[in-house]
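Asker: Structure below; questions to follow.
The values are calculated or read from the model by the stated rules, or taken from the named source; none is laboratory data. Being a predicted model, the structure only gives us computed values, none of them experimental. Virtual Cβ from ideal backbone geometry, glycine too; neighbours counted across all protein chains shown.
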Amino acid sequence: MRFKVPTVRVLLVSPRVSGASGVGQHVRCLAKYLVKKGHEVELLCSELLPCVKVRGLMNPSFTASATLKLLTSLPYPPSPYDVVHAHNVASALPMKAAWAKRRVLTLHGVFGEQASMLHRWVPQGFARAAELVSLRWADRVTAVSMDAVKKYSAMGFKVSYVPNAVDPSELPSEGLRLYERQVVYVGRLSREKGVDLLVEAFRELPHVHLLLIGGGPEEARIKALTKGLSNVHLLGPLPRRRALAYVKGSDLLVQPSRREGLSTAVLEAMAMGVPVVATPVGGNAELIQEGVTGLFAPVDDPLGLAFTIAKALESPARLRDMAAKARLKVMTQYSWDRVVEEYLKLYEG
C-alpha cells in the first residue's frame, strides 16, 4: 500500500535568491528541491519587492518592504501557510508578520559577530538585541554550521544543525584556465572575507596568478591594493556558471575569511575536486580536516597565507589526494536530498 506525503505550503523569506550570495543559492536550491518533492513554495525576496539597492540600506529596506507586504495582505490561499521559513535576521520581522502555522529561522552565520564587519554603522549592542528578538520569534531555529549551533545554544536557544548543500547538476564539467599556475577566490569583496589579506599574500607569490571573482563594499579598496601587482586580476561579478568554471580550472580555491558561516564556495570547490586553502573559522573547521580534505592558513596573517599557498602548490599529488577525499565527503554528507529531508522534519514537527 502506498501513502501520499501531505503537501506542505512554504513561504521562503530571504533578502536575496539570485546572484553569487551563498544565502541566495541556499534558498533557491531549497525551493527547487521542495517543489521537486511535491510541496508548494512561494518566495519573498528583494528581487520581487521595491527595495533600496544601496550598500547598507538594501537589507533594512527589504525587511520593511516584506513586512509591509505581509501585514497588508490577506492570507492567500485563504488558510495560512503551513510554514514560513526565514533566512537570517533581516528576514525575521517578515517571518513574524506572516500568516503561518509554524515559523522557522535559519542563520547562515553568527549575526552579532558579523554585523559590525558587514555594516560598520550598526552598533554591536543593537545587533545583539536584534539577534535575540529574532530567535525568540521563531518556533524552530536552525544554523548551517556547528560553530553557530554551539554559540546560539550557549545563549540558551535550542538550535538544529542543517548544513548548506551542493546541487551537482549546477556544477560545470569543464574548467576555465587563464594561467599556468592559477588560484581563485569567489565571493563578496568585504572585510569579513579577508580579500585584502589575500591580495597582500600575493605580493609574495609573483609567479602565481590570482583571480578575484565577485563584488562588494571593499571593491574600491581591493582595486587600490592590486595596483602594481601584475599577478592579481579582478574579474568582477560573473554569471554563476562562468565563475564556477574558473574554480574548476584552478589549482586552488582560497578563502581567507575573518568570519564565516558554512561556505557555499568551499563546498562547491570540494564537490568539483578542486583543492581548498581556508582559514579555520566558522563552518570551515567542520568542512575541512587539515591535511586530509584541505589545508588551513592562519587568520589575519598575509605572510602565513602566502606560505600555505606556496607549500600547497609544491605538492600536486598531495593536492589531488586531498581533493578526491574532499569530493567524497561533500557528495555523501552535503547533498540537497539529505538536507531538504532535515528541513521537512522541522516543518512537520
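Asker: Name every residue in segment 139-148 that is surrounded by 22 or more Cβ atoms within 10 Å (Cβ to Cβ) and hydrophobic (A, V, I, L, M, F, W, C), in order of residue number.
Answerer: Within segment 139-148, V141, A143, V144, A148 qualify.
Asker: Please give the helices (runs of 4 or more DSSP H) falling wholly within segment 281-349 in which 3 or more residues are surrounded by fewer than 18 Cβ atoms within 10 Å (Cβ to Cβ).
Answerer: So the answer is 302-313, 316-333, 336-348.
Asker: When segment 134-156 is examined, which residues are found to be touching a residue at least 60 places away in the same chain (Cβ under 8 Å), out of contact with any Asp or Glu (no Cβ under 7 Å at 6 or more places or on another chain) and not hydrophobic (A, V, I, L, M, F, W, C)?
Answerer: R140, T142, D147
Asker: Go through segment 54-68 residue by residue and tally those that are surrounded by 14 or more Cβ atoms within 10 Å (Cβ to Cβ), over 11 Å from L93 (Cβ atoms) and either of a type in the set (A, V, I, L, M, F, W, C) or assigned by TED's automatic domain parsing to the domain that holds E218 (or both).
Answerer: Matching residues across segment 54-68 total 1.
Asker: Please go through segment 7-53 and give me each residue that is crowded, with 21+ Cβ neighbours inside 10 Å, among the small types (G, A, S) and in contact (Cβ under 8 Å) with a residue 60 or more places away in the chain, ordered by number.
Answerer: S14, A20, G22
Asker: Could you tell me which of the residues L198, L105 is touching a Phe, Trp or Tyr at 6+ places or on another chain (Cβ under 8 Å), touching a residue at least 12 places away in the same chain (Cβ under 8 Å) and closer than 19 Å to G216 by Cβ? Break it down into steps so the answer makes sense when it comes.
Answerer: Working: L105 fails: closer than 19 Å to G216 by Cβ.
Within the list L198, L105, the selection yields L198.
Asker: Here's a follow-up. In segment 24-53, which residues are in a helix (DSSP H, G or I) and either at pLDDT below 95 or assigned by TED's automatic domain parsing to the domain that holds E218 (or both)?
Answerer: Hits for segment 24-53 are G24, Q25, S46, E47, L48.
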